[in-house]
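As structure tokens, the structure follows; a few thoughts come after it.
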Amino acid sequence: MPESKKRRNRGGRGSAPQNDAVERSSSPFRAEPEVEHLEFEDEGLPTWYRVTMIGLLILGLLWLVVWYITDGLLPLAVAGNWNVAIGFGISMTGFMMMMRWQ
């Protein structure tokens with residue numbers, strides 16, 4: 001193990017602390033806090049797009065919830081079980097719109 005002989009002593013057992021080690025250990029309470037200011041510049045999507053996307057997600061979910069609660073009488077009694085496909089279709093449109101979110 002000749003490699004270990006070349007290593008210098010880094011303050012193992014019984015060694016006195018080195019001066020540079022004492023200087024490096026400063027109290028974290030004395031240091032000035034570094035505050036990072038985040039800038040939210042969203043160049044991608046306009047506000048109407050986000051509102052429409054979230055609205056479609058909520059509308060699809062509400063469509064399904066109303067259909068299950070009213071036992072198929074609302075929102076469209078004529079559609080019958082196709083209300084599930086309509087609700088999922090509305091929600092999937094919102095999910096597809098989410099793909100453009102950056």
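A few points about this structure:
- Exposure proxy ranking for Ile86, Ile54, Ile69, based on other Cβ atoms within 10 angstrom of each Cβ and starting from the fewest, stands as Ile69, Ile54, Ile86.
- Cα gyration tensor shape of region 47-98, rounded if a/c is under 1.5, else prolate or oblate by comparing a/b with b/c: prolate
Values quoted throughout were computed directly from the atomic coordinates according to the rules given, and no laboratory measurement underlies them. Given the structure is predicted, the values throughout are model-derived calculations rather than measurements. Note that each Cβ is placed from the backbone with ideal geometry, even for glycine, and that neighbours are counted across all protein chains shown.
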